[in-house]
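*Asks:* Dropping a structure here in structure tokens format, bear with me for questions.
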Amino acid sequence: PCRAQPKKKKKVDVKKEQAQKERMKKKIKKLEKAAPELIPIEDFITPLKYSESNRVRSLPALSPEESERRVLLLKKWCLFKQKQDEAEKKAIRALVESQQEALKELRLESEELYQAAIKRDERLFPFERDGPSYTPPLPGYDAPEGKCVDITKVYTQ
Amino acid sequence: SAAARRPWRLFGAMCLLRLPRITQPLEKEEEEMAALMEQIELEKSHYSDHEIRKLEEEEQLKRRKESLYDEDEASGKTVIMAQDLEEKWEQKFLRFKAAPRITDADKSNDRKSLNRKLDSNLMLLVKQKIGNQELWLLPQVEWQPGETLRNTAERAMATFLGDHIQAKILGNAPYGIYKYKFPRAIRTEDNVGAKVFFFKAFLQSSDLSQTKLKADHLWVTKKELGDYLKSEYLKKVNRFLLD
């Protein structure tokens, strides 16, 4: 009597466990088959607290002189930028012409020097350069220390 | 080298540029446009947390002044107001003194210094003896067989500035050429004139105190080149210099 019952329990348990495992596996497969959720881009979702009405600025309306001035300024800007762009393109064209002329003369001189000159320079790229700032660096300046804690949320699919 | 030896002597010259360290001043249109853009951005924006805090505190102050029995509300609450914070930040900013954009070298017009004209490119000019004349030129040396022209230009730089100079040369190809014929007295069948090939490089190391310059040298901007270079030479050099 003591031996028979435990045996039955074990068998039944084993079967139940196996059935449970299979059910779990089927559920997992179903979940995996469903399309992966898209990772939300935090920059495109404005938090709701910024669309409350008390946040809207109250400023006086634009006078017609002001809007006239703005339109004229935009037109002047358009012309300024066009001239700037043309000047840049002209400078680049002059640069390229000058280089082509130099290479032509070099070819007349010696073919081997010419071939060496038109070879690709492997050491040129990657080219790094720090851009200019508004004021030059202050010699001997001790920048205040601080710790930067990164709180960006990382999503996994 | 199998063909007949050409009568031109070859030189490699290096145009070494020190890149600008500060931004150029804005043009009038750029300033007006920047002001307009700021105004439009302000108009289209909403209040930030800091501004809402400021408005609420102003309201509180007004209410406190109008009704005189508000002492219980005011007692345990905010001691620091947003306005005070702003004033504190303003004070801290005023205490910081940035380096001046116009340096001492600018004021004294010391053309040998690299600290001048921080918002434009500076080029190296050296005084060299060509024939029997001492001329201001971009550093150049004669090409020797067995080296490429880029090596010649590097050698020119090393001759005048020493070996420890760090410069990024922009490619193997020359940027410009200046050719001239020797004066009739020296000209022969085999030696008609010279061709000077210009290469461009950016100066990487900002500290040149280690180098001992062997000849007279100057660092000048593109506009000042006219003071030193001859007109034909200047024309060719200006073609490959972007300002």
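The values are calculated or read from the model by the stated rules, or taken from the named source; none is laboratory data. Only a predicted model underlies this, so the values are computations on that prediction, with no experimental measurement involved. Cβ: placed from backbone, ideal geometry, glycine included. Neighbour counts: every protein chain shown. The accessibility values were calculated without ligands, DNA or RNA, using every heavy atom of the protein model including side chains. Shrake-Rupley method; radii C 1.70, N 1.55, O 1.52, S 1.80 Å.
*Asks:* Given the conditions (1) within 10 Å of chain A (Cβ to nearest Cβ); (2) modelled with pLDDT of 85 or more; (3) within 18 Å of B:L122 (Cβ to Cβ); (4) loosely packed, with under 14 Cβ neighbours inside 10 Å, which single one is not true for B:P145?
*Replies:* (3)
*Asks:* Could you list, in sequence order, the residues of the range A:106-128 that are open to solvent by 100 Å² or more (accessible area, probe 1.4 Å), part of a loop (DSSP other than H, G, I, E, B) and more than 7 Å from chain B (Cβ to nearest Cβ)? Steps first, please.
*Replies:* Keep residues of the range A:106-128 that are open to solvent by 100 Å² or more (accessible area, probe 1.4 Å), which gives A:107-108, A:112, A:119-120, A:122-123, A:125-126, A:128.
Now narrow it down to the ones that are part of a loop (DSSP other than H, G, I, E, B): A:119-120, A:122-123, A:125-126, A:128.
Within the range A:106-128, A:R120, A:E122, A:R123, A:F125, A:P126, A:E128 qualify.
*Asks:* Quick check on B:E86: is it modelled with pLDDT of 90 or more and open to solvent by less than 90 Å² (accessible area, probe 1.4 Å)? Step through it out loud before you land on a result.
*Replies:* Details: modelled with pLDDT of 90 or more: yes; open to solvent by less than 90 Å² (accessible area, probe 1.4 Å): yes.
Yes, satisfied.
*Asks:* Filter the range B:19-67 for residues that are outside any helix (DSSP H, G or I) and more than 39 Å from the chain's Cα centre (by Cα); which is modelled with the lowest pLDDT? First the steps, then the outcome.
*Replies:* Taking the range B:19-67 as the starting set, the residues that turn out to be outside any helix (DSSP H, G or I) are B:19-27, B:45-48, B:67.
Imposing the further condition that a residue be more than 39 Å from the chain's Cα centre (by Cα) reduces the set to B:46-47, B:67.
On the way: B:H46: 84, B:Y47: 84, B:S67: 78.
The selected residue is B:S67.
*Asks:* Taking the stated definitions as given, is A:D43 more than 8 Å from chain B (Cβ to nearest Cβ), in a helix (DSSP H, G or I) and within 30 Å of A:V154 (Cα to Cα)? Steps first, please.
*Replies:* Details: more than 8 Å from chain B (Cβ to nearest Cβ): yes; in a helix (DSSP H, G or I): yes; within 30 Å of A:V154 (Cα to Cα): yes.
In short, yes.
*Asks:* Something else now. For the range A:50-75, which positions are surrounded by 11 or more Cβ atoms within 10 Å (Cβ to Cβ) and outside any helix (DSSP H, G or I)?
*Replies:* Listed by number, the residues that qualify are A:E52, A:V56, A:R57, A:L62.
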